[in-house]
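The values are calculated or read from the model by the stated rules, or taken from the named source; none is laboratory data. Fair warning: this is a prediction, and the values are worked out from it, not measured in the lab. Because the Cβ atoms are built from the backbone with ideal geometry, glycine has one as well, and the counts that use them run over all protein chains shown. Keep in mind that these areas ignore ligands, DNA and RNA; they rest on the heavy atoms of the full protein, side chains included. Shrake-Rupley method; radii C 1.70, N 1.55, O 1.52, S 1.80 Å.
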Amino acid sequence: MATNPKDSKLKTAEKKAPSAKSTSVRISKKTRLNLRRGEALGTGLKSLATMQLEAAILELRGNNVFPEPIHKTRTYIKKVRSIVLLAAPILGSERRAQLTGFLHEASARIGQLRDSEVQVQSLDLLLETKGLTPEDYSSIRSGLADIAKQRRNNDSRQIPRVVSFLKKSLETIHEWPVDQLEGKDIRRRIRRIYRRGRTTLDLCLVDFTPELFHTFRKLVKQLWYTLRITSKFWPDEAAALIAELDAIGESAGKERDFSMLAKTLEQGPKNKSSVRLLQAIEELLPILRAEALSACEHFYASKPKSFVDGLEI
């Protein structure tokens, strides 16, 4: 199965954080994301969303603010958002707006915490990629680590609020009118997600902006999740499609993380080390963007209707 684009950086983060036993609640088994053949589609989506939210709540037990549980929580929220996209035909605008509002509030309250942790790992990856000597940038790394530590201390009080929004989201899921969803609704939603990504790609190729590329990256991630959710209904469980989107997401994710690191460096004190890092990022960003956009031109070559031809749901 495809790996998460952030896994390599998070493994480094986990090594530097206190032991997993003291910082993260372990979930006994992997939380399933794919629909099963033979089950009602609405019931299946409802069950998947419930599992993701229950897992997210469990991760934050004890006001946990260390990198691994925060990353997992945000990932669970993204999965629920993708499930909601597929379930949209049965939810109605009011119920959908309420649920997405709760999810947005939960994610936003830990967003800066996640970003501060990732910047330390982005610096490590940048030094490795460009062959720079870590010792020459130790003071910058220490500063980023201090910011992340302070953010953990400050944001621990946010966790009960995050959990509250996750529980509210869970309550709304219990009310889903699951019997009304049909396979044609799922096909239509995936086609729509694919079309939006294809259109945004065209815009990026004509008039690129970082904001537009960020939007495109999120659409790629949404499609990646929806393919995983419906994988049992695609030829070969959509393995090739998922792997292709995974590679695209990795390049786009690195672009975002390095862009955030650049903004932090620009706001900090200017010295030879920071200037060299900014130059290195400036060299990498066009390469990462080109990699992602070039791969996407191939992936999005099909028309939306043709893209879902292989989906038997």
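Could you tell me whether Ser116 is within 20 Å of Lys149 (Cα to Cα), assigned to a helix (DSSP H, G or I) and in contact with a helix residue (DSSP H, G or I) (Cβ under 6 Å, 6 or more places away or on another chain)? Criteria met by Ser116. Sub-6 Å Cβ pairs linking a first residue in segment 291-313 that is within 23 Å of Lys232 (Cα to Cα) to a second residue that is among the acidic types (Asp, Glu), at least 6 apart or interchain, are Phe299/Glu244, ordered by first then second residue. From the list Ala280, Ala238, the lone residue that is over 26 Å from Glu39 (Cα atoms) and open to solvent by less than 30 Å² (accessible area, probe 1.4 Å) is Ala280.
Remark: Lys254 falls outside the filter, which requires a residue to be open to solvent by 50 Å² or more (accessible area, probe 1.4 Å), under 24 Å from Arg189 (Cβ atoms) and basic (Lys, Arg). In segment 26-42, the residue that is modelled with the lowest pLDDT out of those that are small (Gly, Ala, Ser) and either open to solvent by 30 Å² or more (accessible area, probe 1.4 Å) or closer than 25 Å to Lys72 by Cβ (or both) is Ser28. Only one entry of Ala13, Ala88, Ala55 meets the criterion of being modelled with pLDDT of 95 or more and assigned to a helix (DSSP H, G or I), and that entry is Ala55.
Condition check ((1) in contact with a Leu (Cβ under 8 Å, 6 or more places away or on another chain); (2) open to solvent by 10 Å² or more (accessible area, probe 1.4 Å); (3) assigned to a loop (DSSP other than H, G, I, E, B)) across all residues:
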site: Glu171; (1), (2), (3): no, yes, no
site: Arg187; (1), (2), (3): yes, yes, no
site: Arg198; (1), (2), (3): no, yes, no
site: Ile248; (1), (2), (3): no, no, no
site: Leu261; (1), (2), (3): yes, no, no
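Contact map, segment 83-105: first residue in contact (Cβ under 8 Å) with a residue 40 or more places away in the chain and within 25 Å of Leu311 (Cα to Cα), second residue surrounded by fewer than 21 Cβ atoms within 10 Å (Cβ to Cβ) and among the acidic types (Asp, Glu), Cβ cut-off under 9 Å, separation 6 or more or different chains; pairs are Leu86/Asp185; Ala87/Asp185; Ala88/Asp185; Pro89/Glu182; Pro89/Asp185; Ile90/Asp179; Ile90/Asp185. Among residues of segment 137-149 that are of a type in the set (S, T, N, Q), those with a beta-carbon under 9 Å from a residue that is crowded, with 16+ Cβ neighbours inside 10 Å at least six positions away or on a different chain give the pairs Ser139/Ser273.
Cβ-Cβ distances below 7 Å connect the following pairs, each with a first residue in segment 63-79 that is under 25 Å from Leu227 (Cα atoms), a second residue that is open to solvent by less than 20 Å² (accessible area, probe 1.4 Å) and not in a helix (DSSP H, G or I), and a separation of six or more residues or different chains: Glu68/Ser24; Pro69/Ser24; Pro69/Leu60; Thr73/Leu60; Lys79/Leu33. Among the residues of segment 288-313, the ones that are of a type in the set (A, V, I, L, M, F, W, C), surrounded by 17 or more Cβ atoms within 10 Å (Cβ to Cβ) and more than 24 Å from Phe258 (Cβ to Cβ) come to 4 in all. Under the condition of being of a type outside the set (A, V, I, L, M, F, W, C) and open to solvent by less than 50 Å² (accessible area, probe 1.4 Å), which residue from segment 153-163 is modelled with the lowest pLDDT? Per the stated criteria, the residue is Asp155. Of Glu237, Glu211, all but one fail to be in contact with a helix residue (DSSP H, G or I) (Cβ under 6 Å, 6 or more places away or on another chain) and over 27 Å from Asp146 (Cα atoms); the exception is Glu237. For segment 163-220, a tally of residues being more than 21 Å from the chain's Cα centre (by Cα), closer than 22 Å to Lys305 by Cβ and of a type outside the set (A, V, I, L, M, F, W, C) returns 7. When Ala108 is tested against (1) open to solvent by less than 40 Å² (accessible area, probe 1.4 Å); (2) assigned to a helix (DSSP H, G or I), exactly one condition is not met: (1).
The residues of segment 43-90 that are crowded, with 22+ Cβ neighbours inside 10 Å and closer than 11 Å to Ile173 by Cβ, listed by number, are Leu45, Leu48, Ala49, Gln52, Leu53, Val80, Ile83, Ala87.
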